[in-house]
1. Within segment 353-377, count every residue that is within 20 Å of residue 133 (Cβ to Cβ) and either at pLDDT below 80 or outside any helix (DSSP H, G or I) (or both).
2. Could you check, for segment 248-262, whether at least one of its residues is of a type in the set (A, V, I, L, M), surrounded by 17 or more Cβ atoms within 10 Å (Cβ to Cβ) and at pLDDT below 90?
3. Output the residues belonging to segment 152-182 that are in a helix (DSSP H, G or I) and over 23 Å from residue 314 (Cα atoms).
4. If you check every pair at least six apart or on different chains, which have Cβ atoms under 7 Å apart with a residue in segment 168-197 that is in the same structural domain as residue 151 (by TED's automatic domain parsing) first and a residue that is assigned to a strand (DSSP E or B) and surrounded by fewer than 20 Cβ atoms within 10 Å (Cβ to Cβ) second?
5. Those residues that are free of Cβ contacts under 8 Å to residues at least 60 places away in the same chain and surrounded by 18 or more Cβ atoms within 10 Å (Cβ to Cβ), I need them from segment 426-438; list them, please.
6. Somewhere in segment 202-211, is a residue more than 26 Å from residue 262 (Cβ to Cβ), assigned to a helix (DSSP H, G or I), free of Cβ contacts under 8 Å to residues at least 60 places away in the same chain and small (Gly, Ala, Ser)?
7. Which condition breaks for residue 324 when tested against (1) modelled with pLDDT of 75 or more; (2) in a helix (DSSP H, G or I); (3) of a type in the set (D, E, K, R)?
Amino acid sequence: MPKTLHLNKRVKGPWTNFECQLLKPENTHVGWIEWIDDRHFRLKKNPFVDHPSSPFIYELPDELKIPTEEGLIRVDIDKIVKEINLPRKRTFGNYTNQYCTVDKYEPLKQDELPKPHLTKDDFLNKLIQSWAGDKSIMFSKEVAINILSCPKSSYGTGGIGAQSFTPYGSKKDLISLNKYVRGLLPAEFLKRNKKYEYKPISTTSIAEQTNRLFKGGLSDEISYNYLFTLSPQMKQSMLSTQIPIIMPEVKYTSDKLGLDRDILDYHMGAMLFTPYIEEMYQDRILDIITRTGKDMLRKSSLQLPLDASGLLRLAYAWCRLELKTNIDEEDFRKMKNDLEPIYRELFDVVEDAKLSGKTYNIPLTQTTHKTALSINANKVYKEVKKLSRESNIRRIPRKNIRAVIPQKEISDYDLEKALSELVNTGYLLSHKNKTEFETAN
């Protein structure tokens, strides 16, 4: 099992790109404020953890005021006072505290710090490097948006809610998903944390606990992921869900080397961004939000309440992925284009789950003849449903099915076998001497 990275215990790294910049000697007095009391503070080189930090305690003179909400700053100091501890009968001592008297300060913009080394596409590709099989960039985006969270704002505690589905697999795959996501995060984010906490929800008690943490505002941001479907009786403890995580047909291959440094760099760098909507766009974007919600969830009956607040959270998390600080109309349209394929895939999962009530095994639709489909049959069934939905044609010709499934994935013989299996088990109806097919529900 890969070793979890403890950010507060780093001595030689790995440092993120922005930490490397702030750890340079010329930036000794640059960092994020951590208040000790109303006249003293420290400067951290990373706003999400205590280490690394400047070695000094900064003291404000009476005539200088710094707002308590101030973040990244550069401090000009007047003098340094060092307290020396000299043990009895010793000739060598050490400094117990190093105080700086602040002369003045300058607020800095976080988005002016060095950006991550990776591009967004490289980051998304690296996120799924620990999976073998039919990898999907949508799967990578879903995970990325979940862990990138969204900042605390006027609508409350930050964070993104997710619900995971494995239409090709079993509960074991959801357990692997949990292990994988936890491996993407440093240890500090997997426990009680003032800045950001990630909570995988697999039991009723954890759902109740997370609900209390979320309502209590004990963390500025809490992202969570429902790994299993809870009972209807748990509705009062159900937190809202903004993004589904739909696993493709893949298997997790554990990375024994631990957290990838480039993934850490991009994740931490993106989390620095606190996106906002400029006032001139606010009314217009609220209208776009309303229409987007109706479009994306027009077929969904699951508990995925994408109201204005939920869509704004998604937009903020999407902007972090794009390393952007503000949101305009064009950004919202791009986000919608990015997320619509994810929700179209969700609609198929929802339709299949209606009959069985299960979200973690296939087939989700129960039949009298068979309760499990082969992998190839699942793939073909998914493509037939997708073609039917996108073309708005009930009967899909065999040649169209062949065209969207590469030969290297499913041969002509295996395609014929899969179609026969789907017809025999009642998932598909065949027409015109088995040259056209339609879904049975």
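1. Within segment 353-377, residues that are within 20 Å of residue 133 (Cβ to Cβ) and either at pLDDT below 80 or outside any helix (DSSP H, G or I) (or both) number 10.
2. Of segment 248-262, the ones of a type in the set (A, V, I, L, M) are 250, 257, 259.
From what is left, the residues that are surrounded by 17 or more Cβ atoms within 10 Å (Cβ to Cβ) are 250, 259.
Imposing the further condition that a residue be at pLDDT below 90 reduces the set to 250, 259.
Checking segment 248-262: at least one residue is of a type in the set (A, V, I, L, M), surrounded by 17 or more Cβ atoms within 10 Å (Cβ to Cβ) and at pLDDT below 90.
3. Of everything in segment 152-182, those that are in a helix (DSSP H, G or I) and over 23 Å from residue 314 (Cα atoms) turn out to be 171, 172, 173, 175, 176, 179.
4. 176/252; 179/252; 180/252
5. Just the residues of segment 426-438 that are free of Cβ contacts under 8 Å to residues at least 60 places away in the same chain, to begin with: 426, 428-438.
Result: 428, 436, 437.
6. yes
7. (2)
Conditions (1) in contact with a strand residue (DSSP E or B) (Cβ under 6 Å, 6 or more places away or on another chain); (2) under 30 Å from residue 190 (Cα atoms); (3) at pLDDT 95 or above; (4) not assigned by TED's automatic domain parsing to the domain that holds residue 271, marked per residue:
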site: 10; (1), (2), (3), (4): no, yes, no, yes
site: 30; (1), (2), (3), (4): yes, yes, yes, yes
site: 53; (1), (2), (3), (4): yes, yes, no, yes
site: 62; (1), (2), (3), (4): no, no, no, yes
site: 71; (1), (2), (3), (4): yes, yes, no, yes
site: 80; (1), (2), (3), (4): yes, no, no, yes
site: 89; (1), (2), (3), (4): no, no, no, yes
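The values are calculated or read from the model by the stated rules, or taken from the named source; none is laboratory data. Because the structure is a prediction, the values reported are computed rather than measured. Glycine gets a Cβ as well: all are built from the backbone with ideal geometry, and neighbour counts include every protein chain shown.
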